[in-house]
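Nothing in this text is a laboratory measurement; each read-out follows from the coordinates by a stated rule. Everything quoted here is computed from the prediction, not taken from an experiment. Counting neighbours? That spans all protein chains shown, and the Cβs are built from the backbone with ideal geometry, glycine included.
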C-alpha cells in the first residue's frame with residue numbers, strides 16, 4: 001500500500017437509545033493508502049456509513065483515532081472541522097442532496113462560497129468540474145430537468161470542485177438504474193486513476209465494488225478479512 005491518507009486506530013462508535021447501547025463500530029484498525037479506490041462492503045447495520053461519516057468529519061468516534069492526512073479529525077472544533085472538510089473531503093450521497101431551486105452551476109459552486117476565491121475563479125472551477133463529469137452543457141439546468149444519473153454527476157462535480165484529496169461516497173449508485181450506475185462508477189474510477197483522488201465508497205453491490213482496487217468487509221461493526 002502507498003503512504004496512508006487515512007489511519008484508523010482502535011476506533012469504536014457507540015450509540016445510546018435510552019438504556020440500550022448499540023455498538024456501531026468495534027475497535028477498528030485500518031489504513032487507506034493515498035490514491036486508492038476502496039469499496040466498503042457489509043450488510044445493513046454493519047457500520048459502513050458510520051465509518052465513512054467519521055472519516056469525513058460528519059460524525060465523531062466514541063474512542064480511538066481517525067487521522068486524515070495526519071489530522072485527528074475528532075479534535076477539531078466545529079468551525080475548524082467545517083473548514084477542514086471543505087478543503088480536504090468531497091462527499092457524495094446516495095440521495096444526491098442537490099438544492100432543487102439552484103441550477104447545476106449554482107449547486108456545484110456552493111462549497112466555493114466558503115473560500116476566498118472571487119467570482120471569476122469560482123466560475124472557472126465550476127466549469128472545469130462540470131466538464132470533468134460530462135455536463136458542461138447542463139450549467140443552467142435545475143435538478144428536476146436532469147436524469148438521476150445526471151443529478152449524481154452534478155453531486156460528484158460539487159464534491160470535487162474544491163479539489164479535495166479524499167472523495168467519500170455513500171451508496172452513490174443506490175438510486176440509479178444499471179446504465180447510470182455504470183456511468184457514475186466509471187467516473188469515480190477515472191477520478192481515481194487519472195486525477196489521483198483517493199476514493200472510499202460504501203456499497204452493498206458486488207458489481208459496484210468490482211470498480212474498486214480493494215474491498216474491505218465489515219460485519220456487526222467489526223472488520224473481516226479483506227478480499228484483495
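A few points about this structure:
- Residue 60-residue 195 FRET efficiency (beta carbon distance; Förster radius 30 Å; 0.05 resolution): 0.55
- Each listed q (0.24 Å⁻¹) maps to a log10 I(q)/I(0) for the range 1-61 from the Debye sum over equal C-alpha point scatterers, namely -1.11.
- Rounded to 10°, Cα long-axis angle of helix 78-88 versus longest principal axis of the chain: 60 degrees
- Most fluctuating residue given options 106, 78, 36, as computed from a GNM of the chain linking Cα atoms under 10 Å: 78
- Fully extended contour minus Cα-Cα distance, from residue 34 to residue 186, at 0.36 nm per residue: 52.8 nm
- Result for the chain in a Gaussian network model with C-alpha springs under 10 Å: among 99, 199, 68, the largest mean-square fluctuation is at 99.
- Pair residue 136, residue 15: separation of 7 Å Cα→Cβ label points (nm): 4.3 nm
- Percent breakdown of C-alpha pair distances by 5 Å bin, ordered from the shortest bin, for the range 105-228: 2, 10, 20, 21, 19, 13, 7, 5, 3, 0
- Sites residue 179 and residue 2 - FRET efficiency at Förster radius 22 Å, r taken between beta-carbons, to 0.05: 0.10
- For the chain, calculated [θ]222 nm from helices alone, where every DSSP H run of n ≥ 4 adds -39500 (n - 2.57): -9500 deg cm²/dmol
- Antiparallel content of DSSP bridges confined to the chain, in %, to 5: 55 percent
- Between the range 162-179 and the range 32-67, the alpha-carbon centres lie 15 Å apart.
- Each of 180, 46 has some number of other Cβ atoms within 10 Å of its Cβ, and from fewest to most they run 180, 46.
- Model label sites at residue 210 and residue 121, defined 7 Å from Cα along the beta-carbon direction, differ in position by 4.4 nm.
- Sorted largest first, extent of the range 67-128 alpha carbons per principal axis (Å): 35, 29, 19
- The Stokes-Einstein estimate for the range 26-80, based on a Kirkwood radius over Cα pairs and taken at 25 °C with 0.890 mPa s viscosity, is a diffusion coefficient of 197 µm²/s.
- Scaled radius of gyration (Cα, divided by 2.2 N^0.38 Å) that the range 1-154 gives: 1.21
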